[in-house]
1. Largest first, what is the accessible-area ranking of Lys342, Lys126, Lys328 with a 1.4 Å probe?
2. Just to be sure I understand: with springs between alpha-carbon atoms less than 10 Å apart, which residue in Gly388, Gly146, Gly102 has the highest mean-square fluctuation in the Gaussian network model of the chain?
3. Hey, could you get me the Stokes-Einstein D for the range 1-143, Kirkwood radius over alpha-carbon pairs, 37 °C and 0.692 mPa s, rounded to whole µm² s⁻¹?
4. Let's test the formula: R0 of 51 Å, r as the Cβ-Cβ distance of Leu414 and Asp157. What FRET efficiency results, to the nearest 0.05?
5. Across bins of 5 angstrom width beginning at 0, how are the C-alpha pair distances of the range 353-427 distributed, in whole percent?
6. Using only Cα atoms, locate the centre of the range 169-238 and the centre of the range 248-303, then give the distance between them in Å, rounded to an integer.
7. Can you give me the Rg/Rh ratio for the chain, using Cα atoms for both radii and the Kirkwood formula for Rh?
8. Do any GluC sites (Glu not before Pro) in the range 350-405 lie in a DSSP loop with no more than 14 other beta carbon atoms within 10 Å, and if so, which?
Amino acid sequence: MGEFEVHRVRFFGLVPAGVRCLACQPRGSRLALARTDGAVEVYNFAANYYQEKVIPGHDARAVESLCWAARDRLFGAGLSGDITEYDLSRLSAARAADGGGGPIWSMAANGTGTQLAIGCEDGSVKIFQVVPGGIQFERNLDRRKGRVLCLSWHPSDTLVAAGSIDVFRIINVASGQTVQRIMVNYHVEKVKRECVIWAIALLSRGTVVTADSFGRVQFWDWQQGTLAESHTVSTSAVLSLAVAEKEDSIVVGTSTGATYQLQLLPVKLGGSEKRWVRTKPFQHHSHDVRAVAHSPTALISGGLDAQLVIRPLMEKVQKKGYDAVLRKFTFPHRRLVSCARKARLLLFQFSQHLELWRLGSTRETGKDGEVLPLCRMPEHLVQLKSKGPEHIYCSCVSSCGTWLGYSTASRFHLYRVRCDGVSLRKV
């Protein structure tokens, strides 16, 4: 084997964007993920969670909620107040529609994927019809005071649960009226601070599951308006919640970085009476777990530490193999570093700027594995900022180090670089 030098690069100051929301494709094989910088990624379950698509971020398009509709159409909504449909073939935002209620905090698709419900800053819940080529406003549901932070459809598509601060509502979609209103703070003695319902799920058997800022996961009989079960899983807030398709398992994420699983198990062996039991706590994140998802074979969580963690359910795994392995996606899965070999330059890609560095050099020689002292330190030559709200999708520097190019979703930019006097000229 020939001799070569290894450069340990410690000057690439990349700070990955945290995970904001997740959405599993119903009866499909894909997972959609949105980050805090507005970027959207799509992973394929069938190909060992391979990252097959990346849609670059946009300053004016922060995503608060993602959902799949009409089987393979992906929609996102955020505090800009727009509902955006993504073109997964062109990797861009295809079209956008104004929600009409200010910033959008939550969005959910019904079971058939034909309707979208959005929860707005002004307290309204709006229904949009998914039509070929876009979405169409259908109707407003009962509006109450307070922003709608979370939404969930009943599997029959006749009811919508809407969570807010201190209260959640059950709304009849056909009439548009609230049929039940439950105060979640009523059952807490001597509590003066507000209770934020961060996540909600409406199950087929008439149970409503809520996750709140007091660290509780609660189960409600919405028809009677009574609390059936309450589990305090954390001393801090429970921020996210997802239910398995069979409604026998729930995964929640907390602001301490922990995720918990609750399972519906028989009280007695072979008995018909069942209760929810917290079975599996996991600590895979260092920051808030803002998003969770429940696939048929795994628990999926994403945090502000930018990690995507896939924890397989061992009772669902048929045989040992890759499906039974805990997977952590801790770094970007696309190329962010380009090398100019002849010029000994490195180009680093960030969301809205590029950095061009010259590698350090040494005159010393030594044995294998030794760290050699540098006679010339790494040099930061150029910082090139991208104009406009679009984030950089890809970039490259030529081998000779004289050409530098990058592209966004809509434009390509090319520059001529001179490293002797350090000059940059747009071509």
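The values are calculated or read from the model by the stated rules, or taken from the named source; none is laboratory data. Note that the structure is a prediction, hence the values are computed from the model and not measured. Ideal geometry is used to build each Cβ from the backbone, glycine not excepted, and the neighbour counts take in all protein chains shown. Quick note on the areas: whole protein, heavy atoms, side chains included, nothing else; ligands and nucleic acids left out. Shrake-Rupley method; radii C 1.70, N 1.55, O 1.52, S 1.80 Å.
1. Descending accessible area places them as Lys342, Lys328, Lys126.
2. Sorting by GNM fluctuation, first place goes to Gly388.
3. 201 µm²/s
4. 0.50
5. 3, 13, 22, 18, 13, 10, 9, 6, 4, 1
6. With the range 169-238 and the range 248-303 each reduced to a Cα centre, they are spaced 18 Å.
7. Taking Rg over the Kirkwood Rh, I get 1.05.
8. Glu364, Glu370
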